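First up is the structure itself, then whatever we jot down about it.
Coordinate-derived values only; no laboratory data. From a predicted model like this one, the values you see are computed outputs, not experimental measurements. Here Cβ is always computed from backbone atoms with ideal geometry, including for glycine, and neighbour counts include all displayed protein chains.
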Amino acid sequence: MTDTIKHISVCICTYKRPEFLRRLLAELDSQDTDGLFTFSIVVADNDVQQSAKPVIASFEATSAIPVTYCVEPRQNIALTRNRAVENTHGDFVAFIDDDEFPIKRWLVTLFNACNQYSVDGVLGPVNRYFDETPPKWILKGKFYARATYPTGFVIDWRKGRTGNVLLKRNVFPTDELPFNPEFRNGEDQDFFRRMIERGHKFIWCNEAVAYEVVPPIRWKRSFMLRRALLNGSMQPKTGTFGMREVLISIIAVSVYAVALPFAMVLGHHRVMDLLVRMFDHLGKLLAFVGLNPIKDPYVTE
């Protein structure tokens, strides 16, 4: 590290979730820095109606943290992430989702880990958070619970996410768009795949926690299955999906279909777990033959 104070641009991509965004901004307003860096916020609104604008105006009226508000009118998460990056000016770029909120020492923990391990970026855990008590089968099936790793663990591209990450500015390519607009989901994994292939190194920091709010709409079975289809349909675009993966998906769909009647005996959480896995593989197979199972750019209901 040098004696020069570094600057972090915290990017938030948002789409019609003003109350979640309001909570996130409030938590960012109280972030610790330990005098090691300054930070500002970039909000990229993917709603052409600019539904996030009043939230930003309210925040700016009471906060000293600089905020840049921009709009990406085209419905595409990759384009929205690119729009956010375009508006950054920091030595580091952080990403956090609009339906998340971080612990008070989130940024400083990521920053210290990045310098301690001399890496190009640091990812942290995103733990689920319920404002209301969910159905027991959601908890029992551990839906929306994500894997975690020891601090210092070097991630591969399949673990790459932009829901909780700090990246050095020089990670972002200058000769191409950072995030590929062909992806409506999984654009972050594609980004990490390409950057890791270019020699960049990213690690995990298990202490830099963010929480993802899981509202009742996400408890709906139809939501979970539509999201699984969308997630699966993006895999063939990575360039790593060939005939071997097609065969695996065909076998998986067949095995899960046979197992469904037996899962019913074990409980509804087991049934939904199998269905989510099955629909993920179905999404892969449909996309592989050129079919688009989910037309909407986002699964919101």
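Between Ala147 and Glu176, the contour length at 0.36 nm per residue exceeds the alpha carbon distance by 7.3 nm. Taking other Cβ atoms within 10 Å as a rough exposure proxy, Met224, Met264 sort from fewest to most as Met264, Met224.
Taking Cβ atoms as reference points and 13 Å as the exclusive limit, the residues near Ala57 contribute a net charge of 0, counting Lys and Arg as +1 and Asp and Glu as -1. Principal semi-axes of the equivalent ellipsoid, √(5λ) from the alpha carbon gyration tensor of the chain, are 33, 22, 20 Å from largest down. Computed over the alpha carbons of segment 220-288, Rg followed by Dmax gives 12.4, 39 Å. The distance between label points at Lys140 and Glu86 comes to 4.9 nm (points 7 Å beyond Cα on the Cα→Cβ vector).
Subtracting the Cα-Cα distance of Asp131 and Asn115 from 0.36 nm times their residue separation leaves 2.3 nm of extension gain. Cβ crowding within 10 Å ranks Thr4, Thr33 as Thr4, Thr33, fewest other Cβ atoms first. Note on Leu79, Leu25, Leu177: ascending count of other Cβ atoms within 10 Å places them as Leu177, Leu79, Leu25, the fewest first.
Principal-axis analysis of the Cα atoms of the chain puts helix 221-234 at an angle of about 80° to the longest axis.
Altogether, the Stokes-Einstein calculation at 25 °C and 0.890 mPa s, with the Kirkwood radius of segment 24-157 over Cα pairs as Rh, returns a diffusion coefficient of 143 µm²/s. Can you give me the angle between helix 243-266 and the longest principal axis of the chain, using Cα atoms only, in degrees from 0 to 90, rounded to the nearest 10? Value to nearest ten degrees: 70.
For n ≥ 4 DSSP H runs only, could you compute -39500 (n - 2.57) per run for the chain, divide by its residues and tell me the 222 nm figure to the nearest 500? Spell out each step's value before the answer.
Details: 9 runs with 115 residues, N = 301.
It lands at -12000 deg cm²/dmol.
What do you get for the angle between helix 187-197 and the principal long axis of the chain? Use alpha-carbon atoms, 0 to 90 degrees, nearest ten. Tilt of helix 187-197: around 70 degrees.
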